[in-house]
Each structure stands twice: as structure tokens, then as C-alpha cells.
1. Going through 65, 86 one at a time, which residue ends up being farther than 21 Å from residue 151 by Cα, buried (at least 21 other Cβ atoms within 10 Å of the Cβ), hydrophobic (A, V, I, L, M, F, W, C) and touching a strand residue (DSSP E or B) at 6+ places or on another chain (Cβ under 7 Å)?
2. May I ask you to verify whether residue 41 is at positive phi, touching a Gly at 6+ places or on another chain (Cβ under 8 Å) and surrounded by 14 or more Cβ atoms within 10 Å (Cβ to Cβ)?
3. Between 25, 32, which is modelled with pLDDT of 95 or more and closer than 14 Å to residue 186 by Cβ?
4. Residues of the stretch 7-46 being in a strand (DSSP E or B), within 11 Å of the ligand (Cβ to nearest atom) and out of contact with any Pro (no Cβ under 8 Å at 6 or more places or on another chain), which ones?
5. Before we move on, is residue 118 out of contact with any Cys (no Cβ under 8 Å at 6 or more places or on another chain) and away from the ligand (no atom under 15 Å from the Cβ)?
6. Yes or no: the stretch 70-79 includes at least one residue that is within 16 Å of the ligand (Cβ to nearest atom), buried (at least 22 other Cβ atoms within 10 Å of the Cβ) and assigned to a loop (DSSP other than H, G, I, E, B).
7. Mind checking which residues of the stretch 116-143 are within 13 Å of the chain's Cα centre (by Cα) and loosely packed, with under 15 Cβ neighbours inside 10 Å?
8. Mind checking whether some residue in the stretch 166-179 is within 20 Å of residue 97 (Cβ to Cβ), touching a Pro at 6+ places or on another chain (Cβ under 9 Å) and not β-branched (Val, Ile, Thr)?
Amino acid sequence: MPEVDYYLAKMPLLSAGECGDTGLIKEFDNKIFSAVVDVLGHSKNAHQLAQVIEKFLKENFRKDLKDIILGLHEHIKGSVGAAAVLCLLDVDSGQLEYTGIGNLTIRIFGLANKRLLPGDGVIGYTMTSPKQEKIILAHNDILLVHSDGIKAHFELKDYPEIFTQSAKEIAAGVISNFNKGIDDATCFVLKYRK
Ligand SMILES: [Mn+2]
């Protein structure tokens with residue numbers, strides 16, 4: 001049986017705890033749904049919109065990823081908008097479906113390191129047609145999805161502990177090491193072992 005270790009960590013910029021980033025993880029039918037969302041700005045308004053988005057995702061996470069993001073676009077139309085990445089992992093096969101729009105980083109660390117690119121635009125404002133893509137995670141692959149409060153360009157030599165730490169340790173470590181300090185920072189980590 002494949003093993004999955006995952007964690008979502010969030011560090012609001014403001015000490016009051018209001019955060020324009022949000023995320024969600026849900027397990028169902030031996031699948032793991034995850035979302036990382038970054039509402040534009042980091043004020044009280046951004047926090048309120050993040051809560052609206054979180055509620056929408058809780059009500060819709062079982063749907064097709066592309067339909068979720070299109071539905072979200074309609075749901076928050078007229079707001080400042082948001083960036084989001086949605087992933088769905090089939091635990092048995094290791095198949096990872098993903099879609100995303102906006103300025104979020106998606107990386108895989110493992111035998112082959114790669115970056116997966118969200119589409120252009122802003123959800124709720126103006127966005128390109130979302131693409132839903134698939135990859136297969138290999139044994140020991142690590143998926144990282146994080147908001148732009150975290151530097152997008154650190155390399156393995158900057159964080160070699162990634163292969164030995166738990167998902168929770170990595171999420172906290174990435175936030176503390178690569179936080180820009182000017183925005184909310186959210187990091188989702190998933191480790192996959194066949
Ligand atoms: Mn941001």
C-alpha cells in the first residue's frame with residue numbers, strides 16, 4: 001500500500017491572524033484533494049474573501065478540478081480575485097491531477113525535479129481557460145505547492161533536509177527559511193511512497 005504524508009502550514013503576515021491565504025485538504029475514496037489559495041492583498045477584506053472561498057471549496061471538493069475552478073470564478077466574480085492551485089491524488093496509482101490559475105508555485109522534488117505551471121490570470125476577475133493536467137508521482141516524490149509569500153527559487157542545496165523530514169517539518173521549514181516577510185505565506189507538502 002502506498003503511503004502518503006501531507007501537511008498544510010499557514011503563516012499570516014499580520015499578527016492579528018487575518019490571512020488572505022487559505023487552503024483545504026480532504027480525503028475521500030482513497031483520494032486526497034488539496035487546495036492552496038491566495039487572495040490578492042492581505043487585509044481584512046482579503047481574509048473575508050478567503051473564508052468565502054474556503055466554504056465554496058468545502059462544498060465542492062468532490063467535483064472535477066476544472067469545474068471547481070470555473071465555479072469558483074463565477075462565485076467570486078466582482079471581488080479583488082484570487083490565485084488557486086487544486087490537486088487530486090489517487091493514492092493507489094500515484095496519479096496527480098492538478099489545475100491552477102495565478103501566481104502560485106508548484107514543484108516536485110524527487111528523482112526528477114520539476115515545476116508545474118498554473119495558468120495566467122486572476123480567479124474572479126479575468127482568467128484564461130484552466131487546464132487540468134496529470135502526472136504520476138514516483139516513489140519518494142515530494143509535492144510542494146506554495147503562495148508567493150515564499151520565495152519561488154530556492155534549490156535543493158538550500159534545503160537538503162527535504163528528503164529526510166516529515167511533511168509537517170518541511171512545510172514549517174520552507175516557511176521559516178524562505179518567507180519573504182511581506183505577504184501571507186502558505187505551504188502544502190505531500191510526500192508519496194509507493
Ligand atoms: Mn500572496
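The values are calculated or read from the model by the stated rules, or taken from the named source; none is laboratory data. The structure presented is a predicted model; accordingly, all values stated were derived computationally and were not measured. Positions of Cβ are generated from backbone atoms using ideal geometry, with glycine treated the same way; all protein chains shown enter the neighbour counts.
1. Numbers: 86 fails: farther than 21 Å from residue 151 by Cα.
One residue alone meets the criteria, 65.
2. Values: at positive phi: yes; touching a Gly at 6+ places or on another chain (Cβ under 8 Å): yes; surrounded by 14 or more Cβ atoms within 10 Å (Cβ to Cβ): yes.
Yes: the conditions hold for residue 41.
3. Details: 32 fails: closer than 14 Å to residue 186 by Cβ.
Among 25, 32, only 25 is modelled with pLDDT of 95 or more and closer than 14 Å to residue 186 by Cβ.
4. Of the stretch 7-46, the ones in a strand (DSSP E or B) are 7-11, 21-28, 31-39.
Narrowing the set further to residues that are within 11 Å of the ligand (Cβ to nearest atom) leaves 21, 36-39.
Residues satisfying the conditions are 36, 37, 38, 39.
5. Values: out of contact with any Cys (no Cβ under 8 Å at 6 or more places or on another chain): yes; away from the ligand (no atom under 15 Å from the Cβ): no.
When the stated conditions are applied, residue 118 does not pass them.
6. No, the conditions are met nowhere in the stretch 70-79.
7. The answer is 117, and nothing else.
8. So in the stretch 166-179, the residues within 20 Å of residue 97 (Cβ to Cβ) come out as 167.
Among the residues that remain, those that are also touching a Pro at 6+ places or on another chain (Cβ under 9 Å) are: none.
No, every residue in the stretch 166-179 fails to be within 20 Å of residue 97 (Cβ to Cβ), touching a Pro at 6+ places or on another chain (Cβ under 9 Å) and not β-branched (Val, Ile, Thr).
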